[in-house]
Amino acid sequence: MDEKVIDGLVDEVLKRLRKKVLIVLTNAGGYKDEIYTRLSQCDRFSFSVMITDDAHIYHGEEKWGRIGEVIKPSADLLPAILAKYDGVLVPFMDFATMGEIANGLFCRDGAKTINYALMRAMTVVALDYNCNPQSELNQILGMASDAPHLAQIENNRKILIASGIQFCSANEMEQRLLIPSVDEQEQGNNDALSYRYITLNDVMNNHGGYDIHSDTRLTDLAIEYLKSNKK
């Protein structure tokens, strides 16, 4: 068999073995070059890219097309589009999209896509550099830590965490995306459930039946959720 054909087959097999992740680009651009470079080095995933309606000011199709196929947002086709992926990554979560999701709105393409992904119990990972008022990026941009409306923004963030969105740093991103979604966990071997960590979804579904001070194996997200509920 021709060497090029063999190489092509190997590439195709490796591509099928990679996690399929949809990158959703929203209307924010802090650290855009650094995050783009980081994503271009992630070889454990097969990426597609959705540039939402108000995100083109920061993110160009030609550039992001080098990371993965650029697909057009389509509200009618979103459920079918999402069915092809193992997870969703939001590298530039903006305040407006976060507010829409927290209030259950389906206005912007980003909010629609993320809300539908959550409804499908998909893994949704977001970097919080742009949407966390306390992040170093927003401090550099001059966000006032004592601004009156920050409490509402912080509350929106807590609502998103409770809904299943995993906020993390770039260093944690790959590992979070590799964690099986709820559907994938349910399809696994039930005998292994007693040995795995208790996830955020487990805690939410059990209505506070877990305690951070017990010997239960809790994920970081589950612990953060339990702490936020005690405040």
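The values are calculated or read from the model by the stated rules, or taken from the named source; none is laboratory data. Everything quoted here is computed from the prediction, not taken from an experiment. Cβ sites come from the backbone with ideal geometry, for glycine too, and all protein chains shown count toward neighbours. With ligands, DNA and RNA removed, areas are computed over all heavy atoms of the protein, side chains included. Shrake-Rupley method; radii C 1.70, N 1.55, O 1.52, S 1.80 Å.
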Task: Selection count, the stretch 7-31, where residues are at pLDDT 90 or above and not aliphatic (A, V, I, L, M) - done: 4
Open item on the list: Name the residue that is least open to solvent (accessible area, probe 1.4 Å), counting only residues in the stretch 111-126 that are out of contact with any strand residue (DSSP E or B) (no Cβ under 9 Å at 6 or more places or on another chain) and under 14 Å from Glu100 (Cβ atoms).
Closed with: Ala111
TODO: Output the number of residues of the stretch 95-110 satisfying the condition of being crowded, with 23+ Cβ neighbours inside 10 Å and not acidic (Asp, Glu).
DONE: 4
Open item on the list: With the requirement that a residue be in a helix (DSSP H, G or I) and farther than 17 Å from Arg120 by Cβ, what does the stretch 52-92 give you?
Closed with: Glu61, Glu62, Lys63, Trp64
- [ ] With respect to Val49, determine if the residue is at pLDDT 95 or above, under 20 Å from Ile161 (Cα atoms), under 17 Å from the mean Cα position of the chain (by Cα) and not in a loop (DSSP other than H, G, I, E, B).
- [x] no
Open item on the list: Looking at the structure I just gave you, is Arg66 out of contact with any Pro (no Cβ under 8 Å at 6 or more places or on another chain), touching a residue at least 40 places away in the same chain (Cβ under 8 Å), farther than 14 Å from Thr113 by Cβ and surrounded by fewer than 20 Cβ atoms within 10 Å (Cβ to Cβ)?
Closed with: no
Task: Failed criterion for Phe92 (all others in (1) of a type in the set (Phe, Trp, Tyr); (2) in contact with a Gly (Cβ under 8 Å, 6 or more places away or on another chain); (3) open to solvent by 10 Å² or more (accessible area, probe 1.4 Å) hold) - done: (3)
- [ ] Please find, within the stretch 94-110, the residue that is farthest from Val125 (Cα to Cα) out of those that are among the aliphatic types (A, V, I, L, M) and in a helix (DSSP H, G or I).
- [x] Ala96
- [ ] Restricting attention to the stretch 136-177, report how many residues are of a type in the set (A, V, I, L, M), open to solvent by 50 Å² or more (accessible area, probe 1.4 Å) and at pLDDT 90 or above.
- [x] 1
TODO: Find all pairs meeting these conditions: Cβ atoms under 7 angstrom apart; at least six residues apart or on different chains; first residue within the stretch 72-89 and farther than 13 Å from Ala111 by Cα; second residue part of a loop (DSSP other than H, G, I, E, B) and open to solvent by 60 Å² or more (accessible area, probe 1.4 Å).
DONE: Leu82/Arg120
Open item on the list: Being open to solvent by less than 60 Å² (accessible area, probe 1.4 Å), modelled with pLDDT of 95 or more and of a type in the set (Ser, Thr, Tyr): is that true of Ser74 here?
Closed with: no
